[in-house]
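A.B. asks: One structure is given below, represented as structure tokens, and several questions about it will come after.
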Amino acid sequence: MTEGQVVELRPAPVARPKIMPDGVMGMLIFVFTEVMFFAGFISAFSVVRARADGVWPPPGQPTLPFEQTAMNTTLLLASGAVTWSAWLAWRRQTGKAATRLLVAIVLGAGFVALQGREWVALLAQGLTLTSSSLGSFFYVIVGAHGLHALAAISALAWSWVKLRKGELPASAFATVQVFWYFVVLIWPFIYFQVYR
Amino acid sequence: MAHSSTAHAHEHAHDHGPQGILKYIWSTDHKIIGMQYMFTGMFMALIGGFMAYTFRMQLAFPGADIPLFGVVSPGEYNALVTNHGSIMIFWVAMPVLIAAFGNYLIPLMIGADDMVFPRLNRLSYQIFLLSAILIIASQFVPGGGFGGAWTSYPPLSANPAYNLTGLGATMWLLAVALEFVAFLLGGINFIVTLMNARAPGMRAYDIPIVVWMIVIASILFMLSVGPLMAGAVMLLFDQTLGTGFFDPGTGGDPILWQHLFWFFGHPEVYVVLLPALGFVAEIITVFSRKKLFGYKTVLYTAVATAILSFFVWAHHQFVAGIDPRMANVFTVTTLLISIPIAEVLFVIIATLYRGSITLTVPMLWALAFVAEFLIGGVTGIFLGASGADIYFHDTYFVLAHFHYTFFPIAIIGTFAAVTMWFPKMFGRMMNEKLGRIHFWLTVTAFNFIFIPLFILGTAGQHRRIYDYNHFPQLATEGLQDLRIVATTATVVLLLSQVLFLFNFFHSLFKGEKAPDNPWKSNTLEWTTSSPPPHGNWPPDAMPNVYRGPYEYSVEGREDDYWPQNQPA
Ligand SMILES: [Cu+2]
């Protein structure tokens, strides 16, 4: 197949442009791993729930507040959308980027705060980490997401500070956004799989 | 994470700062980090090997006072077996095959001055080192090291009342999790470096196969490790906070762990196999002076294997209990995955065909890899078929099969790579004669360990048993003789490594000076000095690439090799 083949003549080598900034690509790969991490939790939860043969929530355990959490979900999705608009404004240099980013951060923080309030209410209703498999999965999955949200919001806050000083590199902003969109977009899956 | 080119340059300027020993500990140079991983892996291999010696001695001479260790108690036996497996896979195979050679070879082979995230790379090694210290420390805590097997199945692993090594179990789990974080950071680096930092002119099919293999293995690792991390968090909570994820008493499910573990665990086999196959492919082409037979076939076969490896994991649950219809599906996928691997072996054999073969030490190791791994692959077919597996499950047949895959990968593959790239790494040649003696001793002893174990397994000898005297049908003289043969061979194998260590360290300081390209190879790492300078090439002489990596014995050329960086 190869022997005696004519050696191809090539143009002189030139430096290739990067496919995308290093940071963004690294973060994307990390996000794939994170998606599999949450997929592991959610599939494990689905298996355990399926084993319960329709007795769900487990006896003596509260039903998760599906409708009420729709509010939290809306805040989070809105924060993602506002972050995107901040990025567009930053790209077009309209001067509105910092304000929009701040709004996105506040909306994101609002999501975390409402989730916290929900936890307090559920704990009072007897749903704890060890009270049932529902409790164990709920706090671990939603807690893992919450920690990711806090990390991402801190990164957004750092971006905001840098942005106001005019020191924010485009690749860094893009990298932080990739992580935030992951946190935002994985939430609806968790919401529909866990709360319903 | 963002890293502009100026920041990159600064990183390098900054790197000349620390002097002396600190230069090696605090370096961000990919070559130094690769060597850190290699030396740590070698050190861990000595520990893992010593553990194998202790429990093999106990099996051959139950209750004996073992030299350098003493009497092995049943609890210690469990801990030794568990940690031998864990250390050899997570702290030897992974760091040496992927992290050490990935770090060392990728930038050099693609013509880059370093990884794209040098500081992340340093962090990766530091986390890995921490995990290694943690797993060693866990052997000495009250209760001893974790004894619930390297697969850590609950409920045994989840409840300190069952495993009696509460602290050891938790430290084991944390060590494994930390180690995964280290490889996650390393893997991100490998993938982004390959995509974004190749030398001008290097196209996808000009990338040496070993680089592809390490990067595909990294992608495979990234995609499979998530669910195990989720499982590890759940297991950690079960151990320490009293949740019942894997406890059927509270509505949990112990089989769930097996699925999460093996969803990672089976791809893991390919995570370590692919780099080893890559080493073998490089070595075989160089020492048969022939173009790799079917570059694209190998590449796409590796991709196909990687994808298929996500759909075989439940062959580990044939006995634990899965729906028989699912068992059929997983039997089929498991048997299917032997096809691409057989294909790569055929490609290697086809590359040898009519080549001008030189039996150097790396070439011997590469050929031994093919021969020994073949036995591992063929015996896997017995285990992949659910019907046969029900008999072989949990016997020494499984154990011998496993070692016929992992020993070629982790030990033979590593020796192949070390002897191949030693001249580049340290600028000295290793001693050929010692290398040959070490090769024959190691490979012969290896077969004398595990062929008897195949026989014991087919005779029905179950694994994870401390003393076979408690099982009259397994305590016969004939079977005990086989155990003694295996143990004697283990001792020979371990003692032979003294030769290697002597050769390694003696050559490191006193070996003959290595030329830049001792093997007359085409790939870019041989176009720089041995060892390469910081930044790999002088900044004004970074290589350009004009052709693929395997242009050997091209007709009409005086030389039988054609380095990738030589203009036509
Ligand atoms: Cu498997």
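A.B. asks: Only one of (1) more than 14 Å from chain A (Cβ to nearest Cβ); (2) touching a Gly at 6+ places or on another chain (Cβ under 7 Å); (3) open to solvent by 50 Å² or more (accessible area, probe 1.4 Å) is not met by B:LEU495, so which one is it?
C.D. replies: With (1) more than 14 Å from chain A (Cβ to nearest Cβ); (2) touching a Gly at 6+ places or on another chain (Cβ under 7 Å); (3) open to solvent by 50 Å² or more (accessible area, probe 1.4 Å) applied to B:LEU495, the lone miss is (2).
A.B. asks: Can you confirm whether segment B:228-246 contains a residue that is over 30 Å from B:TYR552 (Cα atoms), within 15 Å of the ligand (Cβ to nearest atom) and at the interface with chain A (Cβ under 9 Å from one of its Cβ atoms)? Let's see the steps before the verdict.
C.D. replies: Keep residues of segment B:228-246 that are over 30 Å from B:TYR552 (Cα atoms), which gives B:228-246.
Checking the rest, the ones that are also within 15 Å of the ligand (Cβ to nearest atom) come to B:228.
Still in the list and also at the interface with chain A (Cβ under 9 Å from one of its Cβ atoms): B:228.
The answer is yes; a qualifying residue exists.
A.B. asks: Looking at (1) more than 14 Å from every other protein chain (Cβ to nearest Cβ); (2) among the polar types (S, T, N, Q); (3) buried (at least 22 other Cβ atoms within 10 Å of the Cβ), which is the only condition B:THR193 fails?
C.D. replies: (1)
A.B. asks: Looking at segment B:402-409, is at least one residue more than 16 Å from the ligand (Cβ to nearest atom) and at pLDDT below 95?
C.D. replies: no
A.B. asks: Please determine whether any residue of segment B:527-539 is open to solvent by less than 40 Å² (accessible area, probe 1.4 Å), more than 21 Å from B:GLY278 (Cα to Cα), at the interface with chain A (Cβ under 9 Å from one of its Cβ atoms) and assigned to a loop (DSSP other than H, G, I, E, B).
C.D. replies: no
A.B. asks: Residues A:LEU163, A:LEU156, A:LEU129, A:LEU122: which one is touching a residue at least 12 places away in the same chain (Cβ under 8 Å) and either within 13 Å of chain B (Cβ to nearest Cβ) or open to solvent by 10 Å² or more (accessible area, probe 1.4 Å) (or both)?
C.D. replies: Among A:LEU163, A:LEU156, A:LEU129, A:LEU122, only A:LEU163 is touching a residue at least 12 places away in the same chain (Cβ under 8 Å) and either within 13 Å of chain B (Cβ to nearest Cβ) or open to solvent by 10 Å² or more (accessible area, probe 1.4 Å) (or both).
A.B. asks: How about segment B:217-227: which of its residues are of a type outside the set (Ser, Thr, Tyr) and within 13 Å of chain A (Cβ to nearest Cβ)?
C.D. replies: B:ILE219, B:LEU220, B:PHE221, B:MET222, B:LEU223, B:VAL225, B:GLY226, B:PRO227
A.B. asks: Please state which of the following conditions B:PRO160 fails to meet, knowing it meets all the rest: (1) under 27 Å from B:GLY244 (Cβ atoms); (2) free of Cβ contacts under 8 Å to residues at least 12 places away in the same chain.
C.D. replies: With (1) under 27 Å from B:GLY244 (Cβ atoms); (2) free of Cβ contacts under 8 Å to residues at least 12 places away in the same chain applied to B:PRO160, the lone miss is (2).
A.B. asks: Is it fair to say B:ILE219 is more than 16 Å from the ligand (Cβ to nearest atom) and surrounded by fewer than 23 Cβ atoms within 10 Å (Cβ to Cβ)?
C.D. replies: So B:ILE219 passes the test.
A.B. asks: Continuing with the same structure: Among (1) over 22 Å from B:MET234 (Cβ atoms); (2) more than 14 Å from chain B (Cβ to nearest Cβ); (3) not aromatic (Phe, Trp, Tyr), which single condition is A:ARG196 missing?
C.D. replies: Condition (1) is where A:ARG196 drops out.
A.B. asks: Quick one: is A:PHE66 open to solvent by less than 40 Å² (accessible area, probe 1.4 Å) and closer than 27 Å to A:SER136 by Cβ?
C.D. replies: So A:PHE66 does not fit the description; no.
A.B. asks: List, please: which pairs have Cβ atoms under 6 Å, are six or more places apart or on different chains, and start with a residue in segment B:297-321 that is at pLDDT 90 or above and end with one that is more than 16 Å from the ligand (Cβ to nearest atom) and of a type in the set (Phe, Trp, Tyr)?
C.D. replies: Sorted first by the residue in segment B:297-321, then by its partner, the pairs are B:LEU299/B:TRP212.
A.B. asks: Run down B:VAL319, B:VAL298 and say which single residue is more than 26 Å from A:PHE41 (Cβ to Cβ) and within 16 Å of the ligand (Cβ to nearest atom).
C.D. replies: Being more than 26 Å from A:PHE41 (Cβ to Cβ) and within 16 Å of the ligand (Cβ to nearest atom) holds for just one of B:VAL319, B:VAL298, which is B:VAL319.
A.B. asks: Out of all the residues in segment B:439-450, is one or more surrounded by fewer than 18 Cβ atoms within 10 Å (Cβ to Cβ), of a type outside the set (A, V, I, L, M) and outside any helix (DSSP H, G or I)?
C.D. replies: no
A.B. asks: Is there a residue in segment A:38-56 that is under 23 Å from A:ALA109 (Cα atoms) and at pLDDT below 95?
C.D. replies: no
A.B. asks: Mind checking which residues of segment B:249-278 are assigned to a helix (DSSP H, G or I), more than 16 Å from the ligand (Cβ to nearest atom) and surrounded by fewer than 23 Cβ atoms within 10 Å (Cβ to Cβ)?
C.D. replies: B:GLY249, B:THR250, B:PRO254, B:LEU256 - these are the residues of segment B:249-278 that are assigned to a helix (DSSP H, G or I), more than 16 Å from the ligand (Cβ to nearest atom) and surrounded by fewer than 23 Cβ atoms within 10 Å (Cβ to Cβ).
A.B. asks: All but one of (1) within 11 Å of chain A (Cβ to nearest Cβ); (2) in a helix (DSSP H, G or I); (3) among the β-branched types (Val, Ile, Thr) hold for B:ILE214; state the number of the condition that does not hold.
C.D. replies: (1)
A.B. asks: Looking at B:ALA314, B:ALA327, B:ALA350, B:ALA385, which is the one that is within 16 Å of the ligand (Cβ to nearest atom) and within 14 Å of chain A (Cβ to nearest Cβ)?
C.D. replies: Step by step, each of B:ALA314, B:ALA327, B:ALA350, B:ALA385 is checked, and only B:ALA314 is within 16 Å of the ligand (Cβ to nearest atom) and within 14 Å of chain A (Cβ to nearest Cβ).
The values are calculated or read from the model by the stated rules, or taken from the named source; none is laboratory data. These numbers were taken from a predicted model, which means no experiment stands behind them. As a convention, Cβ positions derive from the backbone with ideal geometry for all residues, glycine included, and neighbour counts pool all protein chains shown. Each accessible area value is taken on the protein alone, full model and side chains, heavy atoms only, with ligands, DNA and RNA left out. Shrake-Rupley method; radii C 1.70, N 1.55, O 1.52, S 1.80 Å.
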